[in-house]
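Single-structure report; data block below.
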Amino acid sequence: QVQLVESGGGLVQAGGSLRLSCVGSGSIRNINAMGWYRQAPGLQREWVATISSGGSTYYAGSAKGRFTISRDNAKNTVYLQMNSLKPDDTAVYYCNIATVLSTYWGQGTQVTVSS
């Protein structure tokens, strides 16, 4: 059974930083992309960033220049370094792992940015 567990969320003041981690366990093979999404109260889940199997990175406009996604393939782990956080970044952040056959989601970690 595949399980993704996020950590690193919390409460931070505007301008601060957080580093999210997501560790995948179980039989995860042939990973294509790993990524992060977020969902703010009352809004739909939105894409934040993706890193491909080859290490190419892609960011939503709201994350570009402030967030950095990285991965450790040996540990089935994906990270999201978030700098210059804004109150609009407040959301539950979810990690996502896409393999050749399936897509997996974590349970989410809350990020709250105070003004």
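Every number here is computed from the coordinates shown, using simple stated rules; none is lab data. From a predicted model like this one, the values you see are computed outputs, not experimental measurements. Note that each Cβ is placed from the backbone with ideal geometry, even for glycine, and that neighbours are counted across all protein chains shown.
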Inset, instruction - Report the charge-dipole magnitude of the chain in Debye, nearest 20, computed about the Cα centre from +1 at each Lys and Arg Cβ and -1 at each Asp and Glu Cβ. - result: 140
Inset, instruction - Using amide H atoms built 1.01 Å from N in the peptide plane, name the residues 5+ places from T90, or on other chains, whose amide H lies under 5 Å from its own. - result: V113
Inset, instruction - Could you list which residues have their amide H under 5 Å from that of G16, counting only those 5 or more apart in sequence or on another chain, with H placed in the peptide plane? - result: L85
Legend entry - Amide H partners (placed H, <5 Å) of G10, local residues excluded: V111, T112
Inset, instruction - In whole Hz, with x marking every Gly and Pro, tabulate ³J(HN,Hα) for the stretch 15-22 from phi via Karplus 6.51 cos²θ - 1.76 cosθ + 1.60, θ = phi - 60°. - result: x, x, 10, 9, 10, 8, 10, 9
Inset, instruction - Give a quick list of trypsin sites (Lys or Arg not before Pro) in the stretch 51-115 that DSSP marks as loop, anything other than H, G, I, E or B, with at most 12 other Cβ atoms within 10 Å. - result: K64
